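Everything below concerns the one structure shown next.
The values are calculated or read from the model by the stated rules, or taken from the named source; none is laboratory data. Just so you know, these numbers come straight off a predicted model, no measurement behind them. Positions of Cβ are backbone-derived with ideal geometry, glycine not excepted, and every protein chain shown enters the neighbour counts.
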């Protein structure tokens, strides 16, 4: 196979392996503006959306899937640098229960705020702070399914490039426009683009199904523990609640985001057709 032309890395002190390990940390990703992905589906989606791939890494003893092998050959033929990890090093690096033997280093891709424009019927998502990487990844995946135009990340510690987050997105990360800005910058953008900002809170005045949403719209999502900050609740045009039954007083942040996004996108279809 063509990927055999890639050099072998077998020492845990090899700089190439140390770089991969550093990208498993927030500090390493922030410093280099790179991140890692793993698995055939994730890499295929990255290629599909022309994500900037810096290099690939392989474990040929595990890479048995024909499509994965073809993907590795295609990347090598297009001049993408790469190397083969020993099986021991790959196992040390992977988060997968059943590794597929292929991964890549990508350059982070953030859209400058000044380049973002809100179309008439667009729906946006703003994430203030999600502590769980898995929840953030699920929210990003749900956002793609709901037809969200882009995602604003309002907290520097909220990291969509965390390996666990990337894994939970199931490849949806690469289809999204990602914008990193402050809550104040997001508020100015929303006002200048006439975007209706919708927040969710257990103390919201209106049932989320009772509101006639205005478009373009943006849903803001807060943290699992503390919800939205007072700053974002104050700038929201509408604050809605999801009614609870039984002994529950709240939903998982990813579940709540999904409930709200699909209600809003359902109304958006009616708005777009009007």
Checklist outcome for this item: Selection from the range 245-267 of residues farther than 24 Å from residue 183 by Cβ and modelled with pLDDT of 80 or more yields 262, 266, 267
Checklist entry - For the range 77-115, which residues satisfy the criterion of being part of a loop (DSSP other than H, G, I, E, B) and farther than 24 Å from residue 165 by Cα? => result 78, 79, 80, 81, 86
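Determine whether residue 148 is in contact (Cβ under 8 Å) with a residue 40 or more places away in the chain, buried (at least 21 other Cβ atoms within 10 Å of the Cβ) and under 21 Å from residue 38 (Cβ atoms). If you could, list the steps in order and put the result at the bottom.
Numbers: in contact (Cβ under 8 Å) with a residue 40 or more places away in the chain: yes; buried (at least 21 other Cβ atoms within 10 Å of the Cβ): yes; under 21 Å from residue 38 (Cβ atoms): no.
Considered against the rule, which asks whether it is in contact (Cβ under 8 Å) with a residue 40 or more places away in the chain, buried (at least 21 other Cβ atoms within 10 Å of the Cβ) and under 21 Å from residue 38 (Cβ atoms), residue 148 comes out as no.
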Checklist entry - Out of the range 88-97, which residues are under 22 Å from the mean Cα position of the chain (by Cα) and either closer than 24 Å to residue 51 by Cβ or not assigned by TED's automatic domain parsing to the domain that holds residue 10 (or both)? => result 93, 94, 95, 96
Next on the checklist: Can you tell me how many residues within the range 31-48 are in contact (Cβ under 8 Å) with a residue 12 or more places away in the chain and loosely packed, with under 13 Cβ neighbours inside 10 Å?
Outcome noted: 2
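For the range 108-127, check the following and say yes or no: at least one residue is farther than 30 Å from residue 195 by Cβ and either crowded, with 16+ Cβ neighbours inside 10 Å or outside the structural domain of residue 253 (by TED's automatic domain parsing) (or both).
No, that holds for no residue.
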